[in-house]
1. Under the condition of being crowded, with 21+ Cβ neighbours inside 10 Å and of a type in the set (Val, Ile, Thr), which residue from segment 63-95 is nearest to Met189 (Cα to Cα)?
2. Let me spell it out: the conditions are (1) in a helix (DSSP H, G or I); (2) without any contact (Cβ under 8 Å) to a residue 40 or more places away in the chain; (3) of a type outside the set (D, E, K, R), and Ile67 meets all of them except one. Which number is the exception?
3. So Asn324 fits all but one of (1) crowded, with 16+ Cβ neighbours inside 10 Å; (2) under 15 Å from Leu229 (Cβ atoms); (3) in contact (Cβ under 8 Å) with a residue 24 or more places away in the chain; what number is the exception?
4. Of all the residues that make up segment 44-83, how many are of a type in the set (Phe, Trp, Tyr) and under 26 Å from His170 (Cα atoms)?
5. Residues of segment 20-62 being surrounded by fewer than 17 Cβ atoms within 10 Å (Cβ to Cβ) and either in a helix (DSSP H, G or I) or small (Gly, Ala, Ser) (or both), which ones?
6. Can you name every residue in segment 283-323 that is under 19 Å from Ala363 (Cα atoms), more than 26 Å from the chain's Cα centre (by Cα) and among the polar types (S, T, N, Q)?
7. Taking segment 121-130 as the search range and keeping residues that are touching an Asp or Glu at 6+ places or on another chain (Cβ under 9 Å) and buried (at least 22 other Cβ atoms within 10 Å of the Cβ), which one is farthest from Val100 (Cα to Cα)?
8. Scan segment 344-359 residue by residue and report those that are more than 16 Å from Arg129 (Cα to Cα) and assigned to a helix (DSSP H, G or I).
Amino acid sequence: MKEKIAVCIPTLNEASTIVDTLTRIDRGLHKYFKEYENFIVNADNNSKDKTKFNFFDTPTDSRKIYIGTGNYGKGNNLLSFFNFCKENNINYAATIDSDVKTVEPEWVKKLIDPLTAGDADYVTPVYERNRFEGSTTNHFAFPMIFAFFGDCVRQPIAGDFAFNKKYINHVLAKKILKSTRDYGIDIFMTIHALGGGFSIKEVNLGKKIHSPSFTKIEFMPQQVIESGLEAISQYEPRNYNHKIVKIKTKRCIHPSRKFSHAEKAKKLLNGCLKNLELNQQRFEKIIPGSQAEINYLLNFGNAGNDSWPFLLCKAIDQTRKKSNYKAISLVLAQISLARTIIIWLKSRKLSANEVENEIARQAISTRRYIRSH
């Protein structure tokens, strides 16, 4: 009996992109995994456009499955896909976002090969992104995960992953928050891969270009932060006897300095800073130490101390002690939004390597705080 591979394309109104993504995934499966029984699953939030029709009208060698998930949220799409994999005894699976314009057939090979070879249970990508994208990855998910687990998973909420049957069964047994059913799914997946002791491998996928995501910056980070804090609170910090060394730089920041949403970001920053100034005392009660970071941001990062690594450490600790992670995530998200835009504005003069080194510095600082507590 043939082993089975399934690749998920999660969608919401992606009629304009799904044909190209579907075709490239199918080519990859047909070229590199002919000996397997292959499925391409469109897990869709009941799109109002022609996503479903375009999916079915595109000829493929792989068997196509459509799942209408009903409820909105990328997490609902992927959880439905996990259940499909369990019910159909899928051996190896992957998920690739529909709006990625740089996906190639080789991505399928690179993501799934470590699984079929028995080298990994969970595969994460490394790819180059514009410095003005991936802010929650760079400034929350990566430093928090590195600090807590001691593992350098550089892009833990990248969107394109692969995993085996054992991992799928594990993650389906975990607590699911509403935020996890939305954009908190990626960090949930990676944290439970690390916490569950699964072997993880990073693969280089080159450059990533996708549909603009700036419009999501006001709500997506809070979903990621809330889901991540709750998931990580289920585990114990580890590898604290390891000496902290310089993180080996990975090529994740593209040299481009194109900042197409700069004016919108500046306008948003003004509103963020006003909100932080008005609420700094209330936020200080929720996360002690937040007021120092707010003062740092109000001075545009030019006076005072950068307290972000300390706040991440404090938030993890409070969540593990069963504090209100919803309130904690709200404070972190609002501080993170202002911090992200300030970092963007200041990074325009930096090289790609300098930006990457600053991200690594944050991660190391956060780990030092956690080790000392």
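1. This residue is Thr95.
2. (1)
3. Asn324 satisfies every listed condition except (1).
4. So the count comes out to 4.
5. Passing the criteria: Asp20, Thr23, His30, Lys31, Phe53, Phe56, Asp57.
6. Matches in segment 283-323: Asn305 only.
7. Val123
8. Within segment 344-359, Leu345, Lys346 qualify.
The values are calculated or read from the model by the stated rules, or taken from the named source; none is laboratory data. What you see is a predicted model; the values in this text were computed from it and never measured. FYI the Cβ positions are ideal-geometry reconstructions off the backbone, even for glycines, and counts take in every protein chain you see.
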